[in-house]
Amino acid sequence: EEASKKELERHPKDFRSKQLIKDAINENDFLKNLESAQVREIVDCMYPKNYNKSEMIVKEGDIGQALYVIAEGRLEVTKDSEVLGEMNGGTVFGELAILYNCKRTASVKVPSFGSSIVVCFQTIMMRTGMMRQAEH
Ligand code: CMP
C-alpha cells in the first residue's frame, strides 16, 4: 500500500464508475455522513486496479492509508485465518483503519477458487477530514 503521486491525482472515469463509487460510500455506515464535497473528492481520486486469484489486497495488522471500492468480482474477508465473510461489487472496504487510526482489522483477499476477475477502485485517504465528518 505504497503512497505514490498517482494516489493524489484525479483520475477521470465514466459515469457508471463514479456512480458505483458514490453508491458504495453512501451504503457504508461509517462513510455515509461524509460531506458531498468529500465524497466527490474520493470519487475523483479513485483509480482502478486489477487483482489476481489468491492475491491479498489488505493484510490484517498492517498500517494502511488506502480506501477501496470493489468494482467487479468477489473478495473474502478473513481474520486469524477464519473467514468472516464475502464482499461483492459496489462495496467499500478498508475504511476502519483510516477512520479509527488503527491497524487493518482483517485481511481482504481474492478467493483462490472461482472467478478471478477482481477490480477495485482505490485512493489514499486524508484521515483527519474524514474522521471529523464521520463522527457527525
Ligand atoms: P480495515 O480494518 O481498514 O481493513 C480490513 C477491512 O475489512 C476493514 O477495514 C473493513 O472494511 C473490512 N471488514 C472488517 N471486518 C469485517 C467483517 N466482519 N465483515 C466484513 N468486512 C469486514
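When you look at K32, is it within 14 Å of F93 (Cα to Cα) and either among the basic types (K, R) or modelled with pLDDT under 95 (or both), yes or no? Here the answer is yes, as K32 does meet what is asked.
All conditions in (1) closer than 24 Å to K5 by Cβ; (2) within 14 Å of the chain's Cα centre (by Cα) hold for F30, with the sole exception of (1). Only one of the numbered conditions (1) part of a helix (DSSP H, G or I); (2) exposed (fewer than 13 other Cβ atoms within 10 Å of the Cβ); (3) basic (K, R) is violated by R40, and that is (2). Remark: pairs (first residue in the stretch 67-88, within 19 Å of V43 (Cβ to Cβ); second residue exposed (fewer than 15 other Cβ atoms within 10 Å of the Cβ) and modelled with pLDDT under 95; Cβ separation under 7 Å; 6+ apart in sequence or on different chains) = E72/I117.
Which of the residues that make up the stretch 49-92 are among the aromatic types (F, W, Y) and near the ligand (Cβ under 10 Å from one of its atoms)?
Y68
Criterion first (outside any strand (DSSP E or B), modelled with pLDDT of 95 or more and farther than 23 Å from E9 by Cα) does T78 satisfy it? Considered against the rule, which asks whether it is outside any strand (DSSP E or B), modelled with pLDDT of 95 or more and farther than 23 Å from E9 by Cα, T78 comes out as no.
Within the stretch 98-136, the residues that satisfy the criterion of being modelled with pLDDT of 85 or more and of a type in the set (G, A, S) are A106, S107, S112. Please specify each residue of the stretch 105-122 satisfying the condition of being in a strand (DSSP E or B), more than 9 Å from the ligand (Cβ to nearest atom) and either among the aliphatic types (A, V, I, L, M) or closer than 19 Å to L20 by Cβ (or both). Within the stretch 105-122, V118, V119, C120, F121, Q122 qualify. Within the stretch 93-104, the residues that satisfy the criterion of being surrounded by 15 or more Cβ atoms within 10 Å (Cβ to Cβ) and either more than 7 Å from the ligand (Cβ to nearest atom) or in a loop (DSSP other than H, G, I, E, B) (or both) are G94, L99, R104.
The values are calculated or read from the model by the stated rules, or taken from the named source; none is laboratory data. Note that the structure is predicted; figures quoted are calculated from it, not measured. Note: ideal-geometry Cβ built from the backbone for every residue, glycine included; neighbour counts use all protein chains shown.
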